[in-house]
Amino acid sequence: MKTRRTIHVCWMLAGVLLPLAANSQMTAPPQPLAQRIGHTDLSKVVPEHSHGSVGLRKCQPLVPASALDVNLNFVLRCQMQPGGGVAEHFHNTDEEMFTILNGEVEFTIDSHTSRVKGPAGAPQRRGHSHAVYNPTNELVDYLNINVSTTKGHYDAYNLGDSRDKVAVKDEIPQFIVMRLDKTLLQPVANYHGGQGTVRYRRALDPDVFETNWAYVDHLLIPPGASEGLHYHTGVEEIYYVMSGDGQVQVNRETEPIHQGDGVPIRFREAHSFTNNGSSDLELMVIGISAVKDALDTELGAPHQPGS
């Protein structure tokens, strides 16, 4: 029988998490891994306005709500046109974050606007307004991540302000900014029991959010290294491939992954990521808990009755 070791459990006991995760499992079996992985392709997406914006942006569903059992509404893979973006609006029951992958944009939170260079994101807590605007002449790629307080519920109240004519901007952002800066990563040997040394950082922790959105991690796996096989009882995750190529294993399935892919991981699914390419595999990991502040990681695969 495989040996499993608990890495950490915060605030919630395993005896509470196990029935919670079991009760929230889907009734139908999951799709094959190849069909679950979302792939970025904006070539056929028509540019549109967003929440009453003056400019345009493209968006495609990358990971839908149905991919997980936690309160994810969506992960959208988007692109802002020059002068485009998302006009200012409120979410009173959802939390959302625009995460730019390149270039520079102007983030607005509660009518405070600052210019930020990517890759970076600005989390918006429920009951606060936010917007994003591209003041440059370049296309800006980004993710739109939305987590709700109630599974399947989405709300938005538009203010009708594209934030394209803001005269006064804060040099230092007066809101939380998540920076996915490689220089901030720290080396970790044999991460989750994997091979080699990766570089890792928790970019956002549960204290940032009011919903069950738990964290955003930044992980860089060099060629030949891996994040070892592990699973979560109280957390589901989405891995987004920021750059590079590699391979993901979920339970007994393996599939190649490439830049722009989104990989959903459900409760108790054993998963690992391996860099079998020639350049660094850079990942953004979004964790959403079954219960607020419930964080857990166990090495190996869950014990199956009779095994």
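For the chain, what log10 I(q)/I(0) values come out of the Debye formula at q = 0.08, 0.10, 0.12 1/Å, with one point per alpha carbon and no solvent? Log10 of I(q)/I(0), two decimals: -0.34, -0.54, -0.78. If a paramagnetic tag sat 7 Å from the Cα of E171 along the Cα-Cβ line, which residues of segment 84-127 would have the backbone N under 14 Å from that point? Zone members listed by number: 115.
Divide the volume of the convex hull around the Cα atoms of segment 226-266 by the residue count and you get 73 Å³ per residue.
Which residues make up the longest stretch of the chain clear of GluC sites (Glu not before Pro) that lie in a DSSP loop with no more than 16 other Cβ atoms within 10 Å, not counting the sites? Write out the running numbers ahead of the final one.
On the way: sites that count: E138, E171, E210.
That gives 1-137 as the longest site-free run.
With the helix formula -39500 (n - 2.57) applied to DSSP H stretches of n ≥ 4, the chain reaches a computed 222 nm mean residue ellipticity of -1000 deg cm²/dmol. Between segment 121-147 and segment 255-307, what's the alpha-carbon centroid distance in Å? Using only Cα atoms to place each centre, the spacing works out to 25 Å.
By the equivalent-ellipsoid construction on the alpha carbon gyration tensor, segment 70-127 comes out with semi-axes of 19, 15, 11 Å, ordered largest to smallest.
For segment 82-187, the Kirkwood radius over C-alpha pairs fed into Stokes-Einstein at 25 °C and 0.890 mPa s yields D = 174 µm² per second.
For the chain, the Cβ-based charge dipole about the Cα centre amounts to some 460 debye (Lys, Arg positive; Asp, Glu negative; other atoms uncharged). Dipole of the chain computed with +1 at Lys/Arg Cβ and -1 at Asp/Glu Cβ about the Cα centre; of L159, T149, P123, farthest Cα towards the positive end is T149.
Would you kindly give the portion of the calculated P(r) for segment 26-124 that falls above 21 Å, as a percent of all Cα pairs? Value for segment 26-124: 41 percent of Cα pairs lie more than 21 Å apart. For segment 51-188, the residue among L184, H51, V168 whose Cα projects farthest onto the positive side of the dipole built from Cβ charges is L184.
Rounded to the nearest 20, the Cβ-based charge dipole of segment 182-249 about its Cα centre (Lys and Arg +1, Asp and Glu -1) stands at 340 debye. Any idea which of V241, H39, G228 is furthest toward the positive side of the dipole for the chain, if Lys and Arg beta-carbons carry +1 and Asp and Glu beta-carbons -1? Positive-most Cα among the choices belongs to G228.
The trypsin sites (Lys or Arg not before Pro) of segment 104-165 that meet both conditions, a loop assignment by DSSP and at most 11 other Cβ atoms within 10 Å of the site Cβ, are K165.
For K165, the aspartates and glutamates whose Cα falls under 18 Å of its own Cα, not counting residues fewer than eight places away in the same chain, are E88, E104, E106, D110.
Of the Cα atoms belonging to segment 225-296, the radius of gyration and Dmax stand at 12.2, 39 Å. Enter the angle in degrees (range 0 to 90, nearest 10) between the Cα long axis of helix 14-23 and the first principal axis of the Cα atoms of the chain, meaning the one along which they spread out most. Taking the Cα atoms of the chain, the angle to 14-23 is about 70 degrees.
Pairs from the list K44/K182; K44/K292; K58/K169 with a Cα-Cα gap above 30 Å: K44/K182; K44/K292. Dipole check for segment 190-307: with +1 at the C-beta of Lys and Arg, -1 at the C-beta of Asp and Glu, and the Cα centre as origin, the magnitude is about 200 Debye.
Taking all pairs of different Cα atoms in segment 150-265, averaging 1/r and flipping that mean, what Kirkwood radius in angstroms comes out? Provide the component values of the computation, followed by the final result.
Details: mean 1/r = 0.0574 Å⁻¹.
Roughly 17.4 Å, rounded to one decimal.
No lab work stands behind these numbers, since they all come straight from the coordinates. Predicted, not measured: the structure shown is a model, and the values here were computed from it. Cβ atoms come from the backbone with ideal geometry, glycine included; neighbour counts cover every protein chain shown.
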